[in-house]
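Input: a single structure, listed below in structure tokens.
The values are calculated or read from the model by the stated rules, or taken from the named source; none is laboratory data. If you're wondering where the values come from, they're calculated on a predicted model, not measured in any experiment. Counting neighbours? That spans all protein chains shown, and the Cβs are built from the backbone with ideal geometry, glycine included.
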Protein chains: 2
Amino acid sequence: MKQASVFSNDPWGRLHSLLEQKRYSKIYVVCDENTEKYCLPFFHSIVSFSYDSFCIPSGEQNKNLTQLELLAAQLIQKSVDRNSLLIALGGGVVCDLVNFCASVLLRGIDSVLIPTSLMAMCDAAIGGKTAVNLLNYKNQIGTFYSAQGILFDPIFLESLDERNLKNGFVEMVKHSLIESPPYIQDFLSLGWPVEKDLLKSLIKKSIRSKTEIIEQDPTELGLRKILNYGHTIGHAIESVCISRKEDILHGEAVAIGMVAESYISSKMFGWKNHIIEQISEYLKFFFPMNINIEGKETEIIDALSFDKKNEMGKIQFVLLEKPGSPVRDQKVSVELILGALNYVKNC
Amino acid sequence: MKQASVFSNDPWGRLHSLLEQKRYSKIYVVCDENTEKYCLPFFHSIVSFSYDSFCIPSGEQNKNLTQLELLAAQLIQKSVDRNSLLIALGGGVVCDLVNFCASVLLRGIDSVLIPTSLMAMCDAAIGGKTAVNLLNYKNQIGTFYSAQGILFDPIFLESLDERNLKNGFVEMVKHSLIESPPYIQDFLSLGWPVEKDLLKSLIKKSIRSKTEIIEQDPTELGLRKILNYGHTIGHAIESVCISRKEDILHGEAVAIGMVAESYISSKMFGWKNHIIEQISEYLKFFFPMNINIEGKETEIIDALSFDKKNEMGKIQFVLLEKPGSPVRDQKVSVELILGALNYVKNC
């Protein structure tokens, strides 16, 4: 599967070149209520083509088949055809849902993703995974599908509050932990918040890291699994909170997940104590404010056994022999997982 | 896209070999109420592996995202994982829906299709197109996805009544019209019904024809479009009847569609009169009993403009310069389409 080009230098010029080359019959832009208000006006001012726009309701709880069906129905009623282009203008939910829609509508039409959140820039929009949730479990239904382009304009970061910036930053911390040589020390010394120009260069580095990994394994048969570091427990926590209608962001759950999985790694591979302590201390910056995992342990273990990365009832993890040295397909006992959750609670 | 193998010699032996090689963690079989009653007992008696079975409601009106969601949710609750196998045991609706489900569940798990209707054996199961309907329009949401195998056992034909045999036979007539050299004359002299052993060999010929075309153009960029002969008007009639809750089968609609599109071809390419008359006379065997297109003309034209094979508002057809010589991407005026519908009415 060819990976989508990232339009980061002269992004809007490259978008217009793509349209000139492809001569789409129609262009549709999909936002959510937030990006309709904060990003669509800028989009409208900078593009020179005409388009129809649609708005989907924001939030992870709306990344489902019902919204997919509603969106597809609206597109059909607006005469979408196989030579149409679908543009996603939004965060992870919009990018995942719209690109899934593009991949299945009329058995596949072209898409361009314009991630407007830091999370979507560093994670959701990169790598050709599309998805919707099902039954409170994350990303159960989806496809591998390459967009025609991913447009990266840091101007959209201006529309983000501190919580959403932190949410995306977590994925960048993850890259610093799994990549060899690890650059987690750089992050530890940065603290929070991060100066704007530095943030932009870190984002580009993060996109490059992720793209390099994915190009070697687009459909997650092996290597790509390392990108799931922190996500096994992170997804389980996110699923449990969504089903309880508690307000948690993906990156917040992954921050907790990374502390838990670093704890597990430290126990299984004998890390020195100060390493796990430094990492936990730093990642606490990114924990959710009002979420407590106390009392959710059983639900988290249940959700783990539903994770689609598992096979035949085994809970499999990506762990770190040490920072920068990920190992895949590691079986972990329920006791050690409970120990890790306990460690997180006392962080 | 690699095309699925057709298991036609020693089909059940080949299925068991596949399972031995792949060592699936779980196997799920999906039927509808008809195949659960008439085909699952035979299936159960002949296979030596254990499986969970599910039943979806029969009928084209149930080939939708709601049923997809229900099926996916049941599979998740039964602990489906990425190393599971999904087997479709049924006609076109079951094969299309189950293979779509396999293509998007956990971003794709393996599938085997066991078509039990003549229609599914000759058409729906072959060629890697999966789909569900949306808003009364056929196959608006779907994927291109190859099953691991398509198991062809003519024993399932025993479970079919005359109407369902005719329904599938129409696709075989279509192959005889679009393939070069055309062998429509063979069909004209056969009449109806067709002797059983002859039917089996015609089915195999038909599967080979379709597979050869698809191997050259799996994602319908060009050549494969000729398989849509009769389907442009056929799908429109089917959509209109479904939305009116009138009982029509796919092949019945395509039989009408082929007469209409042969009429259009005869006018645009100057066929001799006796050719269109012979073809119409023969295809009338396969028309639906209780469906009249009188009074539906406007709805049919509306539905045509929604066909996903069209671009930018043009209604595009596959036509025949003469039998055996298909031509693609032919624009046809609304007047001539109405003339063709009128010809059908007076057939």
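Can you find, within region A:202-229, the residue that is farthest from the chain's Cα centre (by Cα) among those that are polar (S, T, N, Q) and within 18 Å of residue A:182 (Cβ to Cβ)?
Filtering region A:202-229 for residues that are polar (S, T, N, Q) and within 18 Å of residue A:182 (Cβ to Cβ), the one farthest from the chain's Cα centre (by Cα) comes out as A:209.
Taking region A:326-344, which residues are out of contact with any helix residue (DSSP H, G or I) (no Cβ under 9 Å at 6 or more places or on another chain) and either surrounded by 14 or more Cβ atoms within 10 Å (Cβ to Cβ) or of a type in the set (Lys, Arg) (or both)?
A:331, the sole residue that qualifies.
Within region B:62-75, is there a residue that is touching a helix residue (DSSP H, G or I) at 6+ places or on another chain (Cβ under 9 Å), farther than 30 Å from residue B:244 by Cα and either in the same structural domain as residue B:245 (by TED's automatic domain parsing) or of a type in the set (Phe, Trp, Tyr) (or both)?
no
Yes or no, residue by residue, for (1) in contact (Cβ under 8 Å) with a residue 40 or more places away in the chain; (2) within 30 Å of residue B:6 (Cα to Cα):
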residue: B:198; (1), (2): no, yes
residue: B:201; (1), (2): no, yes
residue: B:247; (1), (2): yes, no
residue: B:254; (1), (2): yes, yes
residue: B:269; (1), (2): yes, no
residue: B:274; (1), (2): no, no
residue: B:284; (1), (2): yes, no
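When region B:103-161 is examined, which residues are found to be more than 10 Å from chain A (Cβ to nearest Cβ), among the aromatic types (Phe, Trp, Tyr) and surrounded by fewer than 24 Cβ atoms within 10 Å (Cβ to Cβ)?
B:152
I need the full set of residues from region B:100-120 which are in contact with a Phe, Trp or Tyr (Cβ under 6 Å, 6 or more places away or on another chain) and either within 18 Å of residue B:214 (Cα to Cα) or outside any loop (DSSP other than H, G, I, E, B) (or both), in order please.
B:103
Conditions tested, residue by residue: (1) modelled with pLDDT under 90; (2) away from every other protein chain (no Cβ under 14 Å).
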{"site": "A:176", "(1), (2)": "no, yes"}
{"site": "A:183", "(1), (2)": "yes, yes"}
{"site": "A:193", "(1), (2)": "yes, yes"}
{"site": "A:243", "(1), (2)": "yes, no"}
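Can you pull out every residue in region B:240-255 that is part of a helix (DSSP H, G or I) and either surrounded by fewer than 16 Cβ atoms within 10 Å (Cβ to Cβ) or more than 15 Å from the chain's Cα centre (by Cα) (or both)?
Matches in region B:240-255: B:240, B:241, B:242, B:243.
Please go through region B:45-93 and give me each residue that is assigned to a helix (DSSP H, G or I) and away from chain A (no Cβ under 14 Å), ordered by number.
The answer is B:45, B:46, B:60, B:61, B:62, B:92, B:93.
Would you call residue A:134 touching a Cys at 6+ places or on another chain (Cβ under 6 Å) and in the same structural domain as residue A:61 (by TED's automatic domain parsing)?
For residue A:134, the condition - touching a Cys at 6+ places or on another chain (Cβ under 6 Å) and in the same structural domain as residue A:61 (by TED's automatic domain parsing) - is not met.
Do we have residue A:263 as modelled with pLDDT of 95 or more and within 22 Å of residue A:3 (Cα to Cα) here?
no
When only residues in region A:265-307 that are farther than 28 Å from residue B:79 by Cβ and of a type in the set (Ser, Thr, Tyr) count, which is surrounded by the fewest Cβ atoms within 10 Å (Cβ to Cβ)?
Among residues in region A:265-307 that are farther than 28 Å from residue B:79 by Cβ and of a type in the set (Ser, Thr, Tyr), the one surrounded by the fewest Cβ atoms within 10 Å (Cβ to Cβ) is A:282.
How many residues are outside any helix (DSSP H, G or I) and over 30 Å from residue B:29 (Cα atoms) when one looks only at region B:150-206?
10
Quick one: is residue B:170 surrounded by 22 or more Cβ atoms within 10 Å (Cβ to Cβ), in the same structural domain as residue B:208 (by TED's automatic domain parsing) and touching a Gly at 6+ places or on another chain (Cβ under 7 Å)?
So residue B:170 fits the description; yes.
List pairs: first residue in region B:288-303 and in contact (Cβ under 8 Å) with a residue 12 or more places away in the chain, second residue buried (at least 17 other Cβ atoms within 10 Å of the Cβ) and charged (D, E, K, R) anywhere in the structure, Cβ distance under 8 angstrom, at least six positions apart or on different chains.
Close Cβ pairs satisfying both conditions: B:288/B:252; B:291/B:252.
Restricting to region B:221-239, give me the number of residues that are assigned to a helix (DSSP H, G or I) and either surrounded by fewer than 24 Cβ atoms within 10 Å (Cβ to Cβ) or assigned by TED's automatic domain parsing to the domain that holds residue B:62 (or both).
Count: 5.
Could you tell me which residue of region A:259-291 is farthest from residue A:246 (Cα to Cα), considering only residues that are out of contact with any strand residue (DSSP E or B) (no Cβ under 8 Å at 6 or more places or on another chain) and among the aliphatic types (A, V, I, L, M)?
Restricting to residues being out of contact with any strand residue (DSSP E or B) (no Cβ under 8 Å at 6 or more places or on another chain) and among the aliphatic types (A, V, I, L, M), the top hit is A:276.
I'm trying to understand the selection: among the residues of region B:164-185, which are touching a Ser or Thr at 6+ places or on another chain (Cβ under 7 Å) and farther than 18 Å from residue B:287 by Cα?
Those that are touching a Ser or Thr at 6+ places or on another chain (Cβ under 7 Å) and farther than 18 Å from residue B:287 by Cα: B:179, B:180, B:182, B:183.
Could you please tell me which pairs satisfy a Cβ distance under 8 Å, a separation of 6+ or placement on different chains, a first residue in region A:1-22 that is under 11 Å from residue A:151 (Cβ atoms), and a second residue that is assigned to a helix (DSSP H, G or I)?
Sorted first by the residue in region A:1-22, then by its partner, the pairs are A:5/A:14; A:6/A:207; A:6/A:211; A:7/A:14; A:7/A:15; A:8/A:204; A:8/A:207; A:12/A:46.
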